[in-house]
Amino acid sequence: MRLILCNAIAVQMLLYGVKVWGVTISLSAWNEIEELRKMFLRREWGVKSSTSYCIMLLEIGARPIEVLVMPMSIQVYHKVKNMPDHRLPRQARNIQWKVQKINKSKITSFGQVLDIMRWFKR
């Protein structure tokens, strides 16, 4: 029940809009989000600070936040990809692809697909 409350309250507040911004943030930003969750879980479960966070997650049956978010971000990508062409998110995605194809420089190498690829490489 405690884990359900933690996921329903703390994690949802931390991850508001994560389907959109989740793939674009750095590993250090994910670590900061995970630190907030770690503090909450340690306090709620009464776990000593010397206990490894990975062990604590295993014991309570939880997964790291970043692992929870990956499938959600990929779902959004596929949802936009399968939208009709008249929808605004699909139009934005198409423009992104055109810019990437025209300009191969590092400045314009952005977009959800590249962000997801970088995320999985980590």
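Here the peptides 42-51, 19-28 are ranked by packing, the mean other Cβ count within 10 Å, and the order with the highest first is 19-28, 42-51. If R0 is 35 Å, what FRET efficiency do you get for Ala92 and Glu34 from their C-beta distance, rounded to 0.05? Efficiency, from the Cβ-Cβ distance: 0.70.
Here the Kirkwood formula, the inverse mean of 1/r across different C-alpha pairs, assigns the chain a hydrodynamic radius of 16.5 Å. Once the Cβ-Cβ distance of Met72 and Lys48 is raised to the sixth power relative to R0 = 35 Å, the FRET efficiency obtained is 0.65. Going by neighbour counts of Cβ atoms within 10 Å, the residues Arg118, Arg37 line up, fewest first, as Arg118, Arg37. With a Förster radius of 41 Å applied to the C-beta separation of Met13 and Lys101, the computed FRET efficiency comes to 0.60.
Taking every lysine pair in the chain that is 8 or more places apart or spans two chains, those with Cα atoms closer than 23 Å amount to 17.
No value in this document is a laboratory result; all are computed from the given coordinates. Predicted, not measured: the structure shown is a model, and the values here were computed from it. Using ideal geometry, Cβ is built from the backbone for each residue, glycine included, and neighbour counts are taken over all protein chains shown.
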